[in-house]
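Down below is the structure, laid out as structure tokens.
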Amino acid sequence: MPRIPLRAPLALALLVTAPSVAQAADTASAATPAAKIAYPETERGNTVDRQFGVDVADPYRWLEDDVRVNPKVAAWVADQNKVTDAYLATLPGRDTFKKRMTELYNYERFGLPRKAGTRYFYTRNDGLQPQSVLYVRDGLKGEGRQLIDPNSWAKDGATALGEWDPSEDGKYLLYSVQDGGTDWRIVRVKDVATGNDTGDEIRWVKFSGLAWAKDGSGFFYSRFPEPKEGQAFQSLNENHAVYFHKLGTPQSADTLIHATPAKPKLNHAAMVTDDGQYLLVVSSEGTDERFGLTLYPVKGGKPVTLVDDYANNWEYVANEGTRFTFLTNKDAPRARLVSFDIRKPGVLTQLVAENEATLVGASRVGNRIILSYLGDAKSEAELIGLDGKPISTIRLADIGSAKGFGGNPKDSETFYEFSSYATPTTIYRLDTVTGKSEVFAAPKLTFDPKQYSVEQRFYKSKDGTQVPMFVIMKKGLDRSKGSPTLLYGYGGFNVSMTPGFSPTKLAWMEAGGVFAVANLRGGGEYGKAWHDGGRLDKKQNVFDDFIAAGEYLIAQGIAGEGQLAIEGGSNGGLLVGAVANQRPDLFGAALPAVGVMDMLRFDRFTAGRYWVDDYGYPSKEADFRNLLAYSPYHNVRSGKAYPAILVTTADTDDRVVPGHSFKYTAELQHEDIGPKPHLIRIETRAGHGSGKPTDKVIAEAADKYAFAAKWTGLTVE
């Protein structure tokens, strides 16, 4: 289940004062409006589903319809936005936040380079461009030349460059177009020398890797069948298949490589092995890293099934002829490195054993393998030989996140990026022979990262489990008194919350607020056991971990009573909705974004069916009862004073369809849950998060954090 990226670039200082505990309490209580907001009237239907002897009311079923298709839903969206916009316009910190975030975003930033032939491809944003631009340079020191500028594709900046991959010789660039935030992609090919498109175009691509044939004659991709008219943004995604497209031919002539019509729920991703001799198809049914592996000889011959038990993670690292190296969690919950001969795939040779840190990535560069680890949610990296023997540790700049390390067996050069909560992304070039790193691209800072402290703390959850949490604030903050605190969490799908840089979070901290990130169970910080401890019938552990994080922040005096705001997106939106229902007294404000709010119908739309790995099946009684117990939409309770809630979603979100947020908001507004505002902000021509233009990112963040500031007592001047 996809997530909302938290990382983004930042920079400078806001003129803000952090109120004392007494001031904050006065401010928060005084902020309660004299009169209840007049929410739009929402038609309440009489739909009731009887499941396993339980009558489940779903009065807002009609809000599941696509806003682009049903005028009634479109009118509801317009009415809600009108009320929300009017309220947000009254917030004193909104314009200040927007101005400051705009300043903080306005600096040059680069994406990870990819080398192909003698050319280097990379993205660059000059600061406030809606979308980053793709550049190419000839040679490492060559002058960059603009190859693709997605900012010219749409007046509102909402059409983005998606995935891209150069052919091995750098002659062609395979790239995808993402319009309005949707998960659907249109794939095209560009001649790098001329900058012109070749005319090749592939549609109905989603959740696909892009893999060139080694000779550059064409590429492999995955797609779904074309959906019925009007159903592209809601219908279930099934019958994924791998195709080969030969350059210069129409899509109708593409060759079907791999499909499983008898198992329509399987997804398939294809990759070409380093030596170009094999096509490896990795298959899975849900979001769990439980894969099947099928190997196709590129020059013809029968495919070989390497793994078909769908029980473990298998990530291709390298191969020498028929001996393949994989990262796997088979018999190693925190993962290890193994090899086997494809003629005897069940006979494993261990190259690197499991250890205390979680092995999260491995890639071959030249005659080295780079291992990426998480040690207590912080990045570590190591160079080893092809035989698994250690060579050296890669020294990283600080406590933070390192990503990248891609390459090929013929070149010792690789690139990686490093960032932390107070450090924007810097790109490094690493020579795997010498082990030396050098800066490839670094941002010019207009603020001092040393002004911020980053602490990692450990707190006890309800069942005694020790949970890590990062706490970030401006140095010099009076820590004898509570400060308005923004607590972020995710807790699912094996996703690790690692340190990353965000200009919008920096604006909050510059204003005197504290930012905290809890590494909840359900994530991947400590491997499979940590993930398993927060999913299916153990999902309540995630909510308990998050609630315990809030209690810890208050008990430690980091936040005062009424000064705690919570935020999360996607699965994190579910998290925020669930804990707001369970402990409404603990929080001053809640910001659930693009959340999964109806846990009984999530599997009926688009990609929702994949999420049963973490949530379970609503059609199975035990899972149904567990899901009903915490489903945000079904557990809003009258008679309790809820925190101020600002729900955010987007009309083109075809990952977590916006009907989740629509129905949840309607229920919030219907129930008697106190006088604080319970509003929804619905973005147009935006999706689940990726591809959102810079100005929309800033505008949404300014609205959310001004709202949180209002209800936690943070004075923004």
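Tabulated data for the structure shown
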read-out	value
Length-normalised contact order of the range 283-333 in % [C-alpha pairs under 8 Å, at least 6 apart]	27
Residue (of F470, T423, S437) at the positive-pole extreme of the range 401-493, dipole from beta-carbon charges	F470
Neighbourhood charge, 15 Å Cβ-Cβ cut-off, centred on N581 and excluding it, Lys, Arg +1 and Asp, Glu -1	0
Degrees separating the helix 621-630 axis from the principal Cα axis of the chain, which is the longest one	50
Label-point gap, in nm, between R44 and E238 - each point 7 angstrom along Cα→Cβ	3.6
FRET E, pair Q556, S638, Förster distance 41 Å, beta-carbon r, rounded to 0.05	0.80
The range 525-553 residues near the modelled E455 label - backbone nitrogen below 13 Å, point 7 Å along Cα→Cβ	552-553
For K246, net neighbour charge (Lys/Arg +1, Asp/Glu -1) across residues whose Cβ lies under 12 Å away	-3
The range 207-257-the range 408-480 distance, computed between alpha-carbon centres (Å)	37
Relative contact order, percent, the range 211-273 [alpha-carbon distance under 8 Å, six or more residues apart]	36
Using alpha-carbon coordinates, inclination of helix 540-555 to the longest axis of the chain, degrees	60
Dipole axis of the chain (+1 Lys, Arg; -1 Asp, Glu on Cβ), positive-most option in Y664, T102, F447	F447
Relative contact order [Cα under 8 Å, 6+ residues apart], the chain, whole percent	16
Violating pairs (Cα-Cα greater than 27 angstrom) within the set K190/K214; K206/K444; K505/K663; K389/K460; K389/K450	K206/K444; K505/K663; K389/K460; K389/K450
Convex hull per residue volume in Å³, alpha carbons only, for the chain	151
Chymotrypsin sites (Phe, Trp or Tyr not before Pro) restricted to DSSP loop in the range 241-333 with at most 16 other C-beta within 10 Å	Y310
Model label zone, K171; criterion: amide N under 20 Å from point 7 Å along Cα-to-beta-carbon; scope the range 184-198	188-198
Only Lys, Arg (+1) and Asp, Glu (-1) charged, at Cβ; the chain dipole about Cα centre in debye	680
Stokes-Einstein diffusion coefficient of the range 134-263, Kirkwood radius over Cα pairs, 37 °C, 0.692 mPa s, in µm²/s	207
Probe 1.4 Å, accessible area per residue of the chain, Å²	38
Spin-label model distance (nm) - N367 vs Q51, 7 Å beyond Cα toward Cβ	5.9
P(r) weight above 27 Å for the range 205-341, C-alpha pairs, percent	23
Contour minus Cα-Cα distance for S152 and T305 (0.36 nm per residue)	50.6 nm
Length gained when the stretch A622-D585 is fully extended (0.36 nm per residue, less Cα-Cα span)	10.4 nm
P(r) of the range 204-245 over all Cα-Cα pairs, binned every 10 Å from zero, in whole percent	27, 44, 22, 7
Alpha-carbon spread of the range 556-622, three principal axes, descending order, Å	43, 23, 17
Loop trypsin sites (Lys or Arg not before Pro), the range 626-714 (other Cβ atoms within 10 Å of the site Cβ: 15 or fewer; DSSP)	R637, K640
Cα pair count fraction exceeding 17 Å, expressed as % - the range 297-379	49
Solvent-accessible area, 1.4 Å probe, carbon plus sulfur percent, for the range 494-584	50
Potential extension, H670-N355 segment - 0.36 nm per residue separation minus Cα distance	108.3 nm
Angle in degrees between helix 694-712 and the longest Cα principal axis of the chain, rounded to the nearest 10	40
Net charge dipole size for the range 215-260 [Lys, Arg +1 and Asp, Glu -1 on Cβ; Debye, nearest 20]	20
Net charge over other residues, Cβ less than 14 angstrom from the Cβ of A699 (K, R count +1; D, E count -1)	+2
With every protein chain in place, the range 167-282: carbon and sulfur % of accessible area (1.4 Å)	50
Simple spin-label estimate for L128 and I37 in nanometres, 7 Å along Cα-Cβ	2.8
Among G248, A578, G482 - extreme Cα towards positive end, dipole of the chain, charges at beta-carbon	G482
Cα-centre dipole for the range 30-155 with unit charges at Cβ (Lys and Arg positive, Asp and Glu negative), debye to 20	760
Backbone N under 18 Å from the D275 label point (7 Å along Cα→Cβ), restricted to the range 281-307	281, 294-306
Share of alpha-carbon pairs per 5 Å distance bin for the range 612-708, given as whole %	2, 11, 18, 18, 18, 16, 11, 4, 1, 0
Cleavage-rule hits, trypsin sites (Lys or Arg not before Pro), the range 386-466, DSSP coil, Cβ neighbours within 10 Å at most 13	R395, K410, K436, K444, K462
Accessible surface of the range 352-458, 1.4 Å probe, proportion on carbon and sulfur as whole %	47
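The values are calculated or read from the model by the stated rules, or taken from the named source; none is laboratory data. Here the structure is a predicted model, which is why all the values come from computation and not from measurement. A quick note on method: Cβ atoms are made from the backbone with ideal geometry, for glycine too, and the neighbour counts reach across all protein chains shown. Ligands, DNA and RNA are excluded from the accessible area calculation, which covers all protein heavy atoms including side chains. Shrake-Rupley method; radii C 1.70, N 1.55, O 1.52, S 1.80 Å.
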